[in-house]
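The values are calculated or read from the model by the stated rules, or taken from the named source; none is laboratory data. No experiment lies behind these values; they were computed from the predicted model shown. Neighbour counts are summed over all protein chains in view; Cβ atoms, including those assigned to glycine, are modelled from backbone coordinates with ideal geometry. Accessible surface areas use protein heavy atoms only, side chains included; no ligands, DNA or RNA. Shrake-Rupley method; radii C 1.70, N 1.55, O 1.52, S 1.80 Å.
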Amino acid sequence: MNENKTNINYYPGHMYKTRKEISSIMSNIDVVIEVIDSRIPASSRIPDLDSVTKGNKRIIVFGKYDLCDKDETNKWITKYKNDGNCVVTCDSKNSNDYKKIINEVNNLMKEYNDKRKSKGLLAKKAKCLVVGVPNVGKSTLINKFAGKGVLTTGNKPGVTKNLSTIRINEYMDLVDTPGILWPKFSDQNMALNLASMTIIKEEILAIDMIAVHILKMLDKYYKDKLKECFGIDYYNDDEVVECFEKISKFKNIPVNTEVDYERVSYVIINAIKQEKIKGITFDRL
Ligand SMILES: Nc1nc2c(ncn2[C@@H]2O[C@H](COP(=O)(O)OP(=O)(O)OP(=O)(O)O)[C@@H](O)[C@H]2O)c(=O)[nH]1
Ligand SMILES: [Mg+2]
């Protein structure tokens, strides 16, 4: 097993470029819509977003809410609300939650627009910037607003390559952006959480490390899912080889001279990626 790739220093040039481009349009932006992954409400926040968005009004969207453990994620929602943030939950796959975001944008624009009205001016069109780490559902969300698939989406990080402005109606424009990360991961656990939710490309970390992280988190918080999806009662580091062997058998993966550890790792990662495992939240308060 590969235990060496522990120093994650992943910051491709296109993310640097995106940050610069976002900074350059911020003076025209009224509201920042920050999309996070509801399964990792801490790890999927961009730590230095304020320095990019320059303190604009913000809505935190708990994306992929259909995939999280609601009991745990709701604790984060309460925390962020208590910290003074405007928070909305969103399942872009099965619901029209985007309408809640329209309401919040209108609320945030109200004071400004009331002033304009008192001067006899029309309401200002809200220009909203949609930002977040890769693969959290930014483009999917914008497509819901647009009522059609105007933007390309996909179940892997780095699908959106450029900033683009989508006209929703006469009251609202949304700017889609490529997912961004930050220059250094100080916290290994956070990087592994991001990789577990396919936010960092799996090639950046060792895939067996990501797989082991997922098994550890399931062992800690969701033992029933460990049994149901992988046929093991528990996971511990001392028995990593035995656990992989059992999973290989449970999943009927062909064995040559020895167990195909890489293939087992992909089976584990894909179980989350393909939504076979739902109702999980890895960040805990
Ligand atoms: N279950 C679920 N899946 C979602 C939701 N929103 C988006 N997805 C899926 O997540 C994947 C990524 O969606 P995108 O909209 O491409 O994500 P993005 O944030 O634009 O990604 P980048 O452009 O790569 O930064 C797609 O497979 C979507 O179908 C959601 O609310 N629930
Ligand atoms: Mg996108």
Residue separation times 0.36 nm, minus the C-alpha to C-alpha distance between residue 95 and residue 51: what's the value? 12.6 nm
For the chain, the helices passing both cut-offs (Cα extent along own axis of 20 Å or more, Kyte-Doolittle mean at least -0.5, full DSSP H runs) are 207-221
GluC sites (Glu not before Pro), restricted to the stretch 172-249: which are DSSP loop and have at most 11 other Cβ atoms within 10 Å? 203
Would you compute, from DSSP H runs of 4+ residues alone, the mean residue ellipticity of the chain at 222 nm, taking -39500 (n - 2.57) per run and dividing by the full residue count, rounded to the nearest 500? -12500 deg cm²/dmol
Residues of the stretch 75-108 with backbone N under 14 Å of the label point set 7 Å from the Cα of residue 155 along Cα→Cβ are 93
So, with +1 on the Cβ of K and R and -1 on the Cβ of D and E, and no other charges, what is the size of the charge dipole of the chain about its Cα centre, to the nearest 20 debye? 1740
Can you tell me the order of 251-260, 174-183, 89-98, 58-67 when each peptide is scored by its average per-residue count of other Cβ atoms within 10 angstrom, highest first? 58-67, 174-183, 89-98, 251-260
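Using DSSP, restrict attention to beta bridges with both residues in the chain and report what percent are antiparallel, rounded to the nearest 5.
Taking every DSSP beta bridge with both residues in the chain, the antiparallel ones total about 20 percent.
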Alpha-carbon centroid distance for the pair the stretch 126-198 / the stretch 200-245, whole angstrom: 28
Taking a ≥ b ≥ c as the square roots of the eigenvalues of the Cα gyration tensor of the stretch 1-90, is the shape rounded (a/c under 1.5), prolate (a/b larger than b/c) or oblate? oblate
Do any of 57/276; 75/138; 125/278; 75/100; 138/246 go past 29 Å between their Cα atoms, and which? 57/276; 125/278; 138/246
Additional length obtainable on full extension of the chain from residue 111 to residue 23, 0.36 nm per residue less Cα span: 29.2 nm
So, taking all protein chains as they sit and a 1.4 Å probe, how much accessible area belongs to residue 19, in Å² rounded to tens? 30
Would you mind calculating the gained length between residue 233 and residue 163 on full extension (0.36 nm times residue separation, minus the Cα-Cα distance), in nm to one decimal? 20.6 nm
